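Asker: Have a look at this one before I ask anything.
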Amino acid sequence: MAPGQERVGSGRRNPPKSQHRLFWAVLAAPGIIWLALLFIVPFYAILAIAGGQVDLFGNPVAVWNPLHWSTTNLSASWRDVAGAGAFVGPILLRTLVYVALASVIALLIAYPAAYFVARFAGRRKALFLILLIAPFWISYMMRMLAWIGLLQTDGYVNKALIWLHLISQPVDWLGGLGFTVVLGLVYGYIPYLILVLYAGLDRIDPALIEAGRDLGLGRVRTFLRVTLPLSRQAILTGMLITVLPMLGDYFTNQLLSGTSGTTMFGNVIDDQLSSSGGVLQGEGAVFSLLFLLVLIAPMIYYVVATNRSSRAAT
């Protein structure tokens, strides 16, 4: 064999698949352990409290053995939802209405904003992205407190409406109006939706839009036939990210209303879990589990829809 020549096939062999699997298993182990400690263990603790009992002093007693779980808290929670003296049912319906209105309003505001940044921002795209990310630098509580300052009786919202002659006297926006809670939900969660929509719209190949225009479609028809279908996955992802936390939100209603007429399902769970009565804490654990079951359905739908879209793309 001449110098400098190498034997064909004498290169380094690829490691077997078992080594690859072991490498990725070791790499994923910290995340799995973290998930087990911060999700599975607390989740099972909620199960143990929901299926547990109450001691003589009214404190909840967790039952860790599933064979000894009781349905007492489940029956009491069901009576609160659909029984003769049910009070949770109307609150749950109100929560669904609030979240539906807030999600639709947020989508109507977020989609044009994300579309503008993705398609027409040009050289200023980085500046607009910084402005979109800026709300994440401020805590949710501080943003809600700023919203309170705007909506007070002597706040800038009432001053602007009076100056425009739209109202004759200040409106008590913080006096238990459901509309205020809905706007608060929109204000609090719309940055998440805008960023997700922007990421999806920015990945659309401009050549596809130009092809639609070349085929004789106008701007509106190109948007409806090309852009909107291609952004459907981004819309689904953004709505999932915003709707799920809205359903469990309780802080927005506490700050912007705090009245029983605008109570949301998250407020019921928070009140029961923070109460001193063991029975109410057990029912709060049951409501938390029921809330989780409700959230599983859209998450499963999202996974199925994502898999279908990825298969269609390939």
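Asker: Can you give the net charge of the other residues whose Cβ lies under 14 Å from the Cβ of Phe179, counting K and R as +1 and D and E as -1?
Answerer: Result for the local shell: 0.
Asker: Build a GNM of the chain with springs between Cα atoms under 10 Å: which of Ser77, Ser274, Ser231 gets the top mean-square fluctuation?
Answerer: Looking only at Ser77, Ser274, Ser231, the biggest GNM fluctuation is shown by Ser274.
Asker: Turning to a different aspect of this structure: Over the alpha-carbon set of the chain, divide Rg by the Kirkwood Rh and report the Rg/Rh ratio to two decimals.
Answerer: Radius of gyration over Kirkwood radius for the chain works out to 1.10.
Asker: What does the C-alpha gyration tensor say about the overall shape of segment 61-120? Classify as rounded when a/c is under 1.5, otherwise prolate if a/b is larger than b/c, or oblate.
Answerer: oblate
Asker: Another question about this same structure. How about segment 25-85: which chymotrypsin sites (Phe, Trp or Tyr not before Pro) there lie in a loop by DSSP and see at most 15 other Cβ atoms within 10 Å?
Answerer: Counting only loop positions with at most 15 other Cβ atoms within 10 Å, the chymotrypsin sites (Phe, Trp or Tyr not before Pro) in segment 25-85 are Phe57, Trp64.
Asker: Here is a further query. Mean-square fluctuation check for the chain, GNM, Cα pairs under 10 Å: which of Gln281, Gln19, Gln152 is largest?
Answerer: Looking only at Gln281, Gln19, Gln152, the biggest GNM fluctuation is shown by Gln19.
Asker: Let me ask another. Give the shape of segment 71-176 as rounded, prolate or oblate, defined through the alpha-carbon gyration tensor: a ≥ b ≥ c are the square roots of its eigenvalues, a/c under 1.5 means rounded, and otherwise the shape is prolate if a/b is larger than b/c and oblate if not.
Answerer: oblate
Asker: Could you state the accessible area per residue of the chain in Å², with a 1.4 Å probe and every protein chain left in place?
Answerer: 64 Å²
Asker: Next up: Let me have the 222 nm mean residue ellipticity of the chain computed from DSSP H runs of 4+ only, each contributing -39500 (n - 2.57), with the sum over all residues rounded to the nearest 500.
Answerer: -21500 deg cm²/dmol
Asker: So if R0 is 45 Å, what FRET efficiency would His20 and Ala297 give, r being the distance between their Cβ atoms, rounded to the nearest 0.05?
Answerer: In this case the efficiency is close to 0.80.
Asker: State the percentage of accessible surface on the chain attributable to carbon and sulfur atoms; use a 1.4 Å probe and exclude ligands, DNA and RNA.
Answerer: 68 percent
The values are calculated or read from the model by the stated rules, or taken from the named source; none is laboratory data. Keep in mind the model is a prediction, meaning the values are calculated, not measured. With ideal geometry, Cβ positions are generated from the backbone for all residues, glycine too; neighbour counts draw on all protein chains shown. When the accessible area is computed, the model is the full protein with side chains, heavy atoms only, and any ligands, DNA or RNA have been set aside. Shrake-Rupley method; radii C 1.70, N 1.55, O 1.52, S 1.80 Å.
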